[in-house]
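Single-structure report; data block below.
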Amino acid sequence: MNIVEVNGLTKIYGGRKAVDSISFEIKQGEVFGLLGPNGAGKTTTISMLSCLIRPTSGDAFIDEKSIIKEPMEVKKRIGVVPQDIALYPTLSARENLFFWGEMYGMSGKKLRKRVDEVLQIVSLTKRSGDPIYKYSGGMKRRINIAVGLLPSPKLLILDEPTVGVDPQSRRNILDTLKELNENGLTILYTSHYMEEVEFLCNRIGIMDRGKIIALGTKDELRLLVGERDLLKILTINEIPKSLAETIKKKAPEINKVEIFDSSIEILTLNGRKILPKILEVLLESGVNIKSVEVREPNLESVFLHLTGKKLRD
Amino acid sequence: MKKIFFIGLKDVKIRARDRASFIMLLAMPLILILVLGMVFQPLWTNKPFTINVAVFNGDKGEFSKILIEDVFGSTELKDMIKIQFLKSEEEIVKEVREGKFAAGIVIKKGFSESIMKGENTKIEVYGDPEQTIKAGVVKNIVESFTLEVLKRRIMMETTLHFLRSENLIQPSEIQKLVPQWLSEIENKDDLVSVSKETEKKNTKNPLAMEYYAVGMGIMYLLFATNSGAETIFEEKRIKTFDRIKVAPVSEREILGGKLFGIFLVAFLQFVIIIIFTSIFYKVNWGNSILGIIIMVLSAVLAFSGLSTLLASLTKSEEQIGGIGPALAMILAFLGGAMWPVFTFPKWMNIASKFTPNRWALDGFFKLMYDGGGVISILPYAFVLLIMASIFFFIGVFRLRLKGV
């Protein structure tokens with residue numbers, strides 16, 4: 001059963017299409033990821049789905065309620081974790097949670113019980129009396145998520161919830177979300193971190209310039225790249241851009257060569273086999289090599305394959 | 001409705017935790033009231049202001065003479081009250097209305113005779129609404145005088161009734177005794193003591209501390225409401241506004257909650273100032289609790305409306321933080337919070353009527369100096385509520401256009 005159905009959703013700002021007629025579905029109980037670089041239209045999509053902004057055209061249904069015709073009903077069914085830490089810094093975590101619970105129409109014992117539950121989920125019960133401004137970035141992020149969980153939503157929407165947190169906190173957040181999903185929570189997750197989406201999501205929509213350019217499971221998306229590998233070579237000195245052509249001539253089976261200041265990324269079949277040829281070209285050109293990495297196809301290489309650019313460009 | 005209340009309450013909680021807000025909204029006005037009150041008190045007591053009073057005396061009898069010559073002409077009052085006689089009641093009303101006199105007293109023909117005969121009579125006092133304090137002083141003096149006369153008349157009637165009922169006096173003797181008693185009652189020394197009593201006990205001269213308690217209290221209302229209005233921009237900046245919007249809360253509830261928060265912060269601030277100054281600075285805010293409540297509510301609403309309008313006309317916390325204090329100072333000065341409006345030139349006096357400060361100050365002074373009750377402050381509260389309605393109407397309309 002689909003809990004989210006998006007049909008031709010479009011948002012135009014001053015003549016520019018921030019989101020361009022996107023359509024997708026999210027099944028109940030799955031984690032759906034929207035992956036794309038900054039400015040791809042992920043936040044605008046989420047803002048429309050959470051009824052914060054009105055689409056220019058198209059519609060979406062969450063639990064069969066239209067975001068245009070029944071926004072209040074949609075809002076009752078979703079929990080939203082924005083990209084920014086939208087909390088009151090001078091209030092304690094508990095006070096923040098109580099306030100947001102009241103905004104969802106909760107009160108009394110039910111609210112108290114739920115606040116305790118979500119504090120436990122994000123492992124912050126002991127520090128719940130401290131004002132938010134005293135929290136570390138990771139702890140703030142966890143309370144930000146706790147607010148989204150408070151109304152026991154049918155769909156939890158998270159917009160880049162790990163931006164700016166340390167690796168340990170990021171791991172903690174991802175593990176928490178994985179566990180929530182295992183307990184039946186449907187999640188819509190956006191990120192430009194490929195690793196997070198790969199770890200968490202069952203199905204992924206890759207966005208670029210307002211459009212969904214690929215959609216499917218991880219394996220389905222990898223097939224788009226074929227069996228190609230991603231070679232990443234880091235160098236000590238700068239690589240001349242003209243080397244791209246030389247490398248392609250030396251190894252015609254290469255699909256794509258991307259040269260950055262002191263790194264080079266190559267998408268190719270049989271990466272390990274052609275690696276010596278590439279190293280030879282680089283060494284002959286006076287480039288000092290720092291490290292070499294051969295990666296099997298992943299979402300990063302899918303994105304590179306589809307757009308010709310890196311996710312974090 | 002509940003959500004409006006919770007949003008407002010949350011704003012109060014946040015303000016209460018903010019040390020800078022606490023200093024700005026509570027400590028500063030209380031310190032300013034104390035400093036200004038102490039610094040300017042000598043000016044208020046050593047140089048009592050002059051009260052110009054117009055009198056139409058159609059009576060020419062003994063009692064009106066006592067009021068004018070012995071009471072107003074007493075050593076204690078003659079330097080403060082300057083009397084000028086006019087020819088008719090109409091002229092009094094006209095001149096007072098034009099602001100030429102702070103108060104006008106009309107003593108009708110037969111006033112003294114009516115008192116002698118034990119009949120009902122009255123003195124009419126007209127006050128210039130622009131000179132509330134001065135008019136209040138005159139009204140208090142006249143009221144004290146008439147009360148004193150009434151007391152003595154009752155004493156005389158009771159005595160006569162007793163003497164007649166006990167046959168201790170013959171009707172023929174009454175004719176001789178009454179004028180004699182009246183003469184004693186009208187003894188000048190006694191009546192001068194009436195005027196002394198009047199000045200000492202009943203007439204309330206404004207004290208600098210009281211004046212500035214009202215003035216600064218009202219001036220800082222705008223600081224409080226502005227700080228509330230700033231939170232609209234603050235919530236946008238920290239993105240909590242968007243988070244409320246994605247919760248099942250209607251736009252009306254969000255805006256209502258923010259406006260309620262603005263109102264609540266200012267209301268609590270003003271109530272604390274009133275209670276604090278009453279206890280520690282001995283400021284008498286008047287005897288009508290209901291009157292005080294009405295004035296507080298209407299003043300807070302007017303300033304809440306003004307801040308809402310200001311928020312709708314500005315684009316950021318920085319803008320409102322820059323314009324707000326300047327506006328508060330200008331309105332406070334123009335409205336008479338720094339110095340009494342009767343010292344202003346006429347054009348400033350007229351301009352001051354366009355400020356909520358002026359109407360709030362006059363309303364409170366009516367309660368404090370004029371012994372006024374609820375009825376007396378209704379015109380002031382009404383004007384403040386009209387101002388509040390206009391400010392809110394435009395402010396809310398513009399804020400909704402801005403998507404708040």
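The values are calculated or read from the model by the stated rules, or taken from the named source; none is laboratory data. Because the structure is predicted, anything quoted here is derived from the model rather than measured. With ideal geometry, Cβ positions are generated from the backbone for all residues, glycine too; neighbour counts draw on all protein chains shown. The area values use the complete protein model at the heavy-atom level, side chains included, leaving out ligands, DNA and RNA. Shrake-Rupley method; radii C 1.70, N 1.55, O 1.52, S 1.80 Å.
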Exception for residue B:172 within (1) modelled with pLDDT of 70 or more; (2) open to solvent by less than 90 Å² (accessible area, probe 1.4 Å) falls at (1)
Any chance residue A:186 is open to solvent by less than 10 Å² (accessible area, probe 1.4 Å) and modelled with pLDDT of 90 or more = yes
Cβ pairs under 7 Å, 6+ apart or interchain, first in the range B:326-339 and touching a residue at least 24 places away in the same chain (Cβ under 8 Å), second in a helix (DSSP H, G or I) and of a type in the set (Ser, Thr, Tyr), ordered by first then second residue, are B:334/B:352; B:335/B:352; B:336/B:352
Residue list for the range B:315-325, filter: within 19 Å of residue B:261 (Cβ to Cβ) and either surrounded by 21 or more Cβ atoms within 10 Å (Cβ to Cβ) or without any contact (Cβ under 8 Å) to a residue 60 or more places away in the chain (or both) = B:320, B:324
Every residue from the range A:129-139 that is crowded, with 19+ Cβ neighbours inside 10 Å and either among the polar types (S, T, N, Q) or within 14 Å of chain B (Cβ to nearest Cβ) (or both) | A:132
Residue match in the range A:274-297 (condition: under 30 Å from residue A:205 (Cα atoms), of a type outside the set (A, V, I, L, M) and in a loop (DSSP other than H, G, I, E, B)) = yes
Determine whether the range A:64-73 contains at least one residue that is among the basic types (Lys, Arg), open to solvent by 30 Å² or more (accessible area, probe 1.4 Å) and part of a strand (DSSP E or B).
-> yes
Hits in the range B:339-355 - residues which are crowded, with 18+ Cβ neighbours inside 10 Å and assigned to a loop (DSSP other than H, G, I, E, B) | B:340, B:355
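Before we move on, is residue B:323 in the same structural domain as residue B:383 (by TED's automatic domain parsing) and farther than 18 Å from residue B:213 by Cβ?
Working: in the same structural domain as residue B:383 (by TED's automatic domain parsing): yes; farther than 18 Å from residue B:213 by Cβ: yes.
In short, yes.
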Looking at the range B:290-304, is at least one residue open to solvent by less than 50 Å² (accessible area, probe 1.4 Å), at pLDDT 90 or above and more than 18 Å from the chain's Cα centre (by Cα)?
-> yes
Just for the range A:48-81: of the residues that are charged (D, E, K, R) and within 28 Å of residue A:132 (Cα to Cα), which one is farthest from the other protein chains (Cβ to nearest Cβ)?
-> A:77
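Test residue A:122 against the stated conditions and say whether it is more than 9 Å from chain B (Cβ to nearest Cβ), closer than 19 Å to residue A:172 by Cα and either in contact (Cβ under 8 Å) with a residue 60 or more places away in the chain or surrounded by 19 or more Cβ atoms within 10 Å (Cβ to Cβ) (or both). Full working, then the answer.
Numbers: more than 9 Å from chain B (Cβ to nearest Cβ): yes; closer than 19 Å to residue A:172 by Cα: yes; either in contact (Cβ under 8 Å) with a residue 60 or more places away in the chain or surrounded by 19 or more Cβ atoms within 10 Å (Cβ to Cβ) (or both): yes.
In short, yes.
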Filter result for residue A:24 (without any contact (Cβ under 8 Å) to a residue 60 or more places away in the chain and assigned by TED's automatic domain parsing to the domain that holds residue A:178) = no
The range B:247-284 - residue that is open to solvent by less than 30 Å² (accessible area, probe 1.4 Å) and within 14 Å of another protein chain (Cβ to nearest Cβ) and, of those, nearest to residue B:311 (Cα to Cα) = B:258
Got a sec? Which of B:40, B:6 is part of a helix (DSSP H, G or I) and under 24 Å from residue B:136 (Cα atoms)?
-> B:40
Could you check how many residues of the range B:368-387 are touching a Lys or Arg at 6+ places or on another chain (Cβ under 6 Å) and assigned to a helix (DSSP H, G or I)?
-> 3
Output for the range A:82-116, where each listed residue is of a type in the set (Asp, Glu) and more than 12 Å from chain B (Cβ to nearest Cβ) | A:116
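Within the bounds of the range A:24-44, is there any residue that is within 14 Å of chain B (Cβ to nearest Cβ), within 15 Å of the chain's Cα centre (by Cα) and buried (at least 18 other Cβ atoms within 10 Å of the Cβ)? Even if it seems obvious, please write down each step before you answer.
At the first step, the residues of the range A:24-44 found to be within 14 Å of chain B (Cβ to nearest Cβ) are A:43-44.
Narrowing further to those that are within 15 Å of the chain's Cα centre (by Cα): A:43-44.
Checking which are buried (at least 18 other Cβ atoms within 10 Å of the Cβ) leaves us with A:43-44.
For the range A:24-44, residues within 14 Å of chain B (Cβ to nearest Cβ), within 15 Å of the chain's Cα centre (by Cα) and buried (at least 18 other Cβ atoms within 10 Å of the Cβ): present.
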